[in-house]
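**Student:** A single structure is presented below for examination.
The values are calculated or read from the model by the stated rules, or taken from the named source; none is laboratory data. Every value quoted in this text rests on a predicted model; they were computed, and no experiment measured them. Positions of Cβ are backbone-derived with ideal geometry, glycine not excepted, and every protein chain shown enters the neighbour counts.
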Amino acid sequence: MVSTPVDFQPLAWLDAQSTEIKFAWSDRGSKKFVAGVGEAACVVAKPQEDVGHVVRQCRRLLENHESIRFYGGLSFDGTDGWDKFRAGRFVVPRFLFKDGELHVIVMNHDDIVTASLELQQLGLEVLEIDDALPSAMSIEYSPAREGWRANVDQALTLIRNEVLEKVVLARQTKMTFETPLNPIYLTSRIAKATHDCFVFCFTFGEDTAFVGATPERLFRRCGTKMLSEVVAGTRRRGATSGEDQRLAYELLTSDKDQLEHDIVRKSMRQKLHKFVENLDVDTHASVLRLAKKQHLCSEVTAALRDGVDEGALLKRLHPTPAVGGYPTENALSEIARLEPFNRGWYAAPIGWIGHNDAEFVVGIRSGLIKGKELSLYSGAGIVTGSEPDQEWEEVENKIQDFVDVLGGEK
């Protein structure tokens, strides 16, 4: 890997590149972006392929490259849902912009000529981003409100019949614009409008990108140490300090939200206990405050047993009841039956794989751009006590950051 200092902003540099393959990534609580262009290496998951095999392929390619990472994600249900995104796709970028330096990544000696040719095509005329975005011309929902109510009622019947304890139902909000939507501009605006979120943008085809700002870490692994969290239960932020405190107290004392949170916490303990030497899960949730929302949050820390890597963790932890439901298999079956769209990478593991560490987040608060269309995805956990109209308002609130920066109306 060869590097040189440059005086560009990462997103502005990314926008100047004409290649179809590029990404941006920002850690939660950080305004610094890592940006990548092109492919020095790529691993594509086949439908229903063992995720452990995908991780091992990445690791083999990283054996002699301790400072290099694969970036990418997996689909929610292991199927090919979104064209070139496939069931999963991870790339080592040819060019990586990080901490004010531009890196050229060469995987082996035979790769030098290809890297040199691609370097000649790299866009270096970088302009400051004018992240103006068009307003939405139309907005439609799938399912529409009556269909949503019917889905929630069906879920509540299954819960009463003890088929489920919880199921997370999602809604697609499709916004259409007069001109194609620039994913880098949208990423820039979303990053400014949110805080305490992981921000990401992946493009794998012309005019197609997956963009999001998620508050939820699936896990971070470094050696045998693992950090995860439970994020479930939601309220909006208040317009005043007093209203904000009232809503936080309402969230902390809500039987429905505490039940939803406890189901996820219980599942985390059950799924991890065979993989860890010790496990610590917060017994009392705190409030995670974001720009427009606040959530119940519990931290999870663990010491992993020897031989447990992120492939094992991904198979064990995804999907959590926060995005799928509980029991998992029953919930996934009902999601496939009730939702009138393919989730693709929405609510799926998105992140990076390093030489001996990895981090994955849950791809919620996100949307798929296809030219002039943006499909936003958001979900709500249905448990005993859920009411269809309140859950509709919750999924509305979860996409509000996008709606605000795009000038749309709910």
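**Student:** Which residues, taken from region 96-143, are in contact with a Lys or Arg (Cβ under 8 Å, 6 or more places away or on another chain) and on the phi > 0 side of the Ramachandran plot?
**Tutor:** Asp99
**Student:** When you go through (1) assigned by TED's automatic domain parsing to the domain that holds His53; (2) surrounded by fewer than 17 Cβ atoms within 10 Å (Cβ to Cβ); (3) within 30 Å of Val362 (Cβ to Cβ); (4) charged (D, E, K, R) one by one for Arg145, which number turns out not to apply?
**Tutor:** Among (1) assigned by TED's automatic domain parsing to the domain that holds His53; (2) surrounded by fewer than 17 Cβ atoms within 10 Å (Cβ to Cβ); (3) within 30 Å of Val362 (Cβ to Cβ); (4) charged (D, E, K, R), the lone unmet condition for Arg145 is (1).
**Student:** Having 2 or more residues that are farther than 30 Å from Cys222 by Cα, outside the structural domain of Phe76 (by TED's automatic domain parsing) and over 12 Å from the mean Cα position of the chain (by Cα) is the bar; report the strands (runs of 3 or more DSSP E) wholly within region 304-382 that clear it.
**Tutor:** Working: elements: 349-353, 357-362, 366-370, 373-382.
Answer list for region 304-382: 366-370, 373-382.
**Student:** Still on this structure: Which count do you get for residues in region 267-296 that are more than 30 Å from Gly238 (Cα to Cα) and either part of a loop (DSSP other than H, G, I, E, B) or of a type in the set (Lys, Arg) (or both)? Can you show your working first?
**Tutor:** Residues of region 267-296 that are more than 30 Å from Gly238 (Cα to Cα), as a first pass: 267-280.
Then drop every residue that is not either part of a loop (DSSP other than H, G, I, E, B) or of a type in the set (Lys, Arg) (or both), which leaves 269, 271, 274.
Residues that pass the stated criteria total 3.
**Student:** Does region 151-160 contain any residue that is exposed (fewer than 14 other Cβ atoms within 10 Å of the Cβ), without any contact (Cβ under 8 Å) to a residue 40 or more places away in the chain and closer than 20 Å to Ile364 by Cα?
**Tutor:** No, because not a single residue in region 151-160 is exposed (fewer than 14 other Cβ atoms within 10 Å of the Cβ), without any contact (Cβ under 8 Å) to a residue 40 or more places away in the chain and closer than 20 Å to Ile364 by Cα.
**Student:** Testing Leu14 on (1) among the hydrophobic types (A, V, I, L, M, F, W, C); (2) in a strand (DSSP E or B); (3) more than 30 Å from Ala336 (Cα to Cα), one condition comes back false. Which one is that?
**Tutor:** (2)
**Student:** Would you check if Ala16 is within 25 Å of Val106 (Cβ to Cβ), among the hydrophobic types (A, V, I, L, M, F, W, C) and touching an Asp or Glu at 6+ places or on another chain (Cβ under 7 Å)?
**Tutor:** Details: within 25 Å of Val106 (Cβ to Cβ): yes; among the hydrophobic types (A, V, I, L, M, F, W, C): yes; touching an Asp or Glu at 6+ places or on another chain (Cβ under 7 Å): yes.
Yes; evaluated as a whole, the condition is true for this residue.
**Student:** Ok, one more. Out of curiosity, is Phe8 crowded, with 21+ Cβ neighbours inside 10 Å, out of contact with any Asp or Glu (no Cβ under 6 Å at 6 or more places or on another chain) and not assigned by TED's automatic domain parsing to the domain that holds Phe341? If you could, list the steps in order and put the result at the bottom.
**Tutor:** Numbers: crowded, with 21+ Cβ neighbours inside 10 Å: no; out of contact with any Asp or Glu (no Cβ under 6 Å at 6 or more places or on another chain): yes; not assigned by TED's automatic domain parsing to the domain that holds Phe341: yes.
For Phe8, the condition - crowded, with 21+ Cβ neighbours inside 10 Å, out of contact with any Asp or Glu (no Cβ under 6 Å at 6 or more places or on another chain) and not assigned by TED's automatic domain parsing to the domain that holds Phe341 - is not met.
**Student:** Just the residues that are touching a Leu at 6+ places or on another chain (Cβ under 8 Å) and charged (D, E, K, R), please, taken from region 70-93. Before the answer, list the steps.
**Tutor:** Of region 70-93, the ones touching a Leu at 6+ places or on another chain (Cβ under 8 Å) are 70, 74, 77, 82, 87-88, 92.
If the condition is that a residue be touching a Leu at 6+ places or on another chain (Cβ under 8 Å) and charged (D, E, K, R), then Asp77 is the only one that fits.
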